[in-house]
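Since the structure comes first, as structure tokens, the remarks are kept for the end.
The values are calculated or read from the model by the stated rules, or taken from the named source; none is laboratory data. Note that the structure is predicted; figures quoted are calculated from it, not measured. Here Cβ is always computed from backbone atoms with ideal geometry, including for glycine, and neighbour counts include all displayed protein chains. Note: areas computed on protein heavy atoms with side chains; ligands, DNA, RNA excluded. Shrake-Rupley method; radii C 1.70, N 1.55, O 1.52, S 1.80 Å.
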Amino acid sequence: MDTITKKHKVAESVLDLIDNDEILGIGSGSTVNILIEYLPKVKNKISIVVSSSLKSTELLKANGFEVVDLKSVGKLSKYIDGADEINKYLQM
């Protein structure tokens, strides 16, 4: 399985982790960009979206999401981001 296919599988599997009324934080990176393409499938479960980057914000808006500032939200119920660098102690 090639890397792009793996990223699509990971992104699609994340959809099962989205709960109703989710206050969702979105990170950045190539896998997150793919996830954002899949998020409209569970848009009805997401009440608020916060983004950590301009690129992610642009992609979220292009996929029909209103993105709000973290300061106006307070606490996120989930934050999803990539894990490009992990050391031997499994620290990111």
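What is the list of residues in region 43-74 whose amide nitrogen lies under 11 Å from a point 7 angstrom out from the Cα of residue 20, following Cα to Cβ?
Under 11 Å, as judged by backbone N against the label point of residue 20, lie 45 of region 43-74.
Using a probe radius of 1.4 Å on heavy atoms only, what accessible surface per residue do you get for the chain? Whole Å² is fine.
Per residue, the chain has an accessible area of 67 Å².
Please work out, to two decimal places, the log10 of the ratio I(q)/I(0) at q = 0.13, 0.16, 0.20 Å⁻¹ from a Debye calculation in which every Cα of region 26-92 carries one identical scatterer.
-0.38, -0.56, -0.81
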